[in-house]
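Q: Would you mind keeping the following structure in view while I ask a few things?
The values are calculated or read from the model by the stated rules, or taken from the named source; none is laboratory data. Keep in mind that this is a model prediction, so the values were computed, not measured. Don't worry about glycine lacking a Cβ; one is built from the backbone with ideal geometry, like all the others, and counts go over all protein chains shown. Areas reflect the complete protein model, heavy atoms only, side chains present, ligands, DNA and RNA absent. Shrake-Rupley method; radii C 1.70, N 1.55, O 1.52, S 1.80 Å.
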Number of protein chains: 2
Amino acid sequence: MLQDLDKTLQQKGVRPTAMRLLVLDYLLKQPAAVSLSDLEAYFHRADRITLYRSLKTFEGKGLVHSIDDGSGAVKYALCPDDCTTLEHHDLHVHFFCSQCRETFCLPKSRIPDIALPEKFKTEEVNLLVKGTCGTCSG
Amino acid sequence: MLQDLDKTLQQKGVRPTAMRLLVLDYLLKQPAAVSLSDLEAYFHRADRITLYRSLKTFEGKGLVHSIDDGSGAVKYALCPDDCTTLEHHDLHVHFFCSQCRETFCLPKSRIPDIALPEKFKTEEVNLLVKGTCGTCSG
DNA sequence: GTTAAAATGCAATGCCATTGCAGAGCATGC
DNA sequence: GCATGCTCTGCAATGGCATTGCATTTTAAC
């Protein structure tokens with residue numbers, strides 16, 4: 001099973017070390033985006049900095065994207081398959097639940113085009129919806 | 001002139017102290033959102049904490065809204081007149097220029113409705129566009 | 001196996017937001 | 001005008017998070 005993860009990393013140009021495989025495996029199992037602190041809490045034997053750099057490496061290679069949900073800590077979530085190093089296709093909506101403080105990717109909710117003033121050029125769009133998620137409102 | 005500002009503050013339920021009048025006056029003159037550090041740099045004789053609390057008071061009374069543009073520091077900008085304490089109507093787009101690192105409110109670009117999954121409830125929507133602003137791309 | 005490059009672990013730093021507390025300023029009632 | 005109480009201000013301190021430098025270990029290449 002970790003074999004698959006190994007391949008995934010290789011395909012993205014990330015050297016598959018033990019730590020990185022564990023981190024990737026963990027990320028795959030999460031329903032919500034995770035912060036560095038989440039990771040640190042789970043891998044309590046691992047060094048915070050190593051986890052930090054794993055995430056940064058993943059992000060640089062288009063494996064995960066980072067989300068600033070305003071909670072104070074940046075969170076990370078796996079990218080869809082069509083992300084590349086050069087261009088992140090995380091043009092989906094992120095949802096922050098103010099109850100459980102979890103952040104979810106909503107890949108089905110695409111970000112509509114935004115009309116900008118003359119001469120303004122778009123490079124990136126972040127759309128964050130805050131509210132109550134399905135679980136908490138149920 | 002500061003008379004008007006005085007009235008503005010009173011109407012919002014904020015006691016018009018000398019410091020607050022100066023801060024409000026400064027905010028009115030800014031074309032872009034300002035961070036606490038900006039304020040501190042401008043009022044180099046004032047205490048950072050007092051400025052911080054002025055902004056927080058303004059925010060609580062619906063005079064300004066805060067913007068997290070991902071630059072690391074929260075920025076503040078004046079609200080349109082129809083903001084109240086209870087409900088912020090800053091449902092406009094914010095634009096962060098990656099060249100000059102300024103953040104602008106784009107009141108004319110309204111945020112479209114976002115389709116959410118079943119049982120998700122929206123409380124607030126933040127839409128941040130990153131790119132190059134008119135001045136920097138000109 | 002040797003060697004070079006990359007990853008890790010530890011320490012340290014810096015920035016920003018936030019709070020507690022004491023003193024100063026202001027408004028109100030007498 | 002003066003005392004009282006509330007609000008604002010300024011200083012000090014704290015805590016969280018991101019980030020970097022450096023020495024060591026691990027991995028890949030030859």
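Q: Any idea of A:K61's accessible area? Nearest 10 Å², probe 1.4 Å.
A: In the full protein context, A:K61 sits at about 70 Å².
Q: Determine how large the accessible area of B:D47 is when every protein chain is in place; take a 1.4 Å probe and give Å² rounded to the nearest 10.
A: Per-residue accessible area (B:D47): approximately 90 Å².
Q: Kindly express, to the nearest 10 degrees and within the range 0 to 90, the angle between helix B:2-11's C-alpha long axis and the longest C-alpha principal axis of chain B.
A: Helix B:2-11 sits roughly 60 degrees off the main axis of chain B.
Q: How far is A:C136 from itself in the other copies, in nm, if each label sits 7 Å out from Cα along the Cα-Cβ line, shortest first?
A: 3.3
Q: Roughly what % antiparallel, to the nearest 5, for the DSSP beta bridges in the stretch A:2-133? Kindly include the intermediate steps, with their values, before the conclusion.
A: Numbers: 11 of 15 bridges.
Around 75 percent antiparallel, to the nearest 5.
Q: Restrict the search to the stretch A:1-57; then list the trypsin sites (Lys or Arg not before Pro) that DSSP places in a loop and that have at most 12 other Cβ atoms within 10 Å of their Cβ. If you can, show how the numbers build up before the last one.
A: Numbers: sites: A:K7, A:K12, A:R20, A:K29, A:R45, A:R48, A:R53, A:K56; in loops: A:K12, A:R45.
Sparse-neighbourhood loop trypsin sites (Lys or Arg not before Pro): A:R45.
Q: Which lysines, on any chain, are close to A:K130 with Cα under 19 Å apart, when same-chain ones fewer than 8 places away are left out?
A: A:K75, A:K108, B:K75, B:K119, B:K121
Q: In whole Å, what is the distance between the alpha-carbon centres of the stretch B:97-138 and the stretch A:48-77?
A: 22 Å
Q: Further question: Which of rounded, prolate or oblate describes the stretch A:29-138 when judged by the alpha-carbon gyration tensor and an a/c cut-off of 1.5? All intermediate terms of the calculation are to be shown ahead of the outcome.
A: On the way: a/c = 2.07, a/b = 1.26, b/c = 1.64.
Oblate, since a/c reaches 1.5 and b/c is not below a/b.
Q: Need one value: the accessible area of A:H92 in square angstrom, 1.4 angstrom probe, rounded to the nearest 10.
A: Surface accessible to solvent at A:H92 totals approximately 10 Å².
Q: Using a label point 7 Å beyond Cα on the Cα-Cβ vector, give me the inter-copy distances for B:K108 in nanometres, one decimal, shortest first.
A: Copy-to-copy label distances at B:K108, shortest first: 3.6 nm.
Q: Placing a label point 7 Å from Cα toward Cβ, how far apart in nm is A:D25 from its equivalents in the other copies, listed shortest first to one decimal?
A: With the label placed 7 Å along Cα→Cβ, A:D25 yields 6.4 nm.
Q: Which value at 222 nm does chain B reach when only helices count, each DSSP H run of 4 or more adding -39,500 (n - 2.57), with the total divided by all residues and rounded to the nearest 500 deg cm²/dmol? Mind showing how you got there, number by number?
A: On the way: 5 runs with 46 residues, N = 138.
Per the formula, -9500 deg cm²/dmol.
Q: Tell me the per residue accessible area of the stretch B:2-137 using a 1.4 Å probe; a whole number in Å² is fine.
A: 56 Å²
Q: Okay, next question. Under the rule that an exposed site lies in a DSSP loop and has at most 12 other Cβ atoms within 10 Å, name the longest stretch of chain B with no GluC sites (Glu not before Pro) of that kind, not counting the sites themselves. The partial results should precede the final answer.
A: Values: sites that count: B:E87, B:E118.
My reading of the result: B:1-86 is the longest stretch.
Q: What angle, in degrees between 0 and 90 and rounded to the nearest 10, separates the Cα long axis of helix A:18-29 from the longest principal axis of the Cα atoms of chain A?
A: Its long axis makes an angle of about 40 degrees.
Q: Rounded to the nearest 100 Å², what is the sum over both chains of accessible area buried where A meets B, with a probe of 1.4 Å?
A: Values: alone 9210 and 9180 Å², together 15830 Å².
Summing both chains' loss of accessible area gives about 2600 Å².
Q: To continue, here is another question. Tell me the carbon and sulfur percent of the accessible area for chain B, rounded to whole percent, probe radius 1.4 Å. Present the calculation step by step, with values, prior to reporting the outcome.
A: On the way: 3890 of 7910 Å².
Of all accessible area on chain B, carbon and sulfur atoms account for 49 percent.
Q: Classify the protein assembly as shown as rounded, prolate or oblate, taking a ≥ b ≥ c as the square roots of the eigenvalues of its Cα gyration tensor: rounded when a/c is under 1.5, otherwise prolate if a/b is larger than b/c and oblate if not.
A: Working: a/c = 1.97, a/b = 1.93, b/c = 1.02.
It is prolate, given that a/c is not under 1.5 and a/b is the larger ratio.
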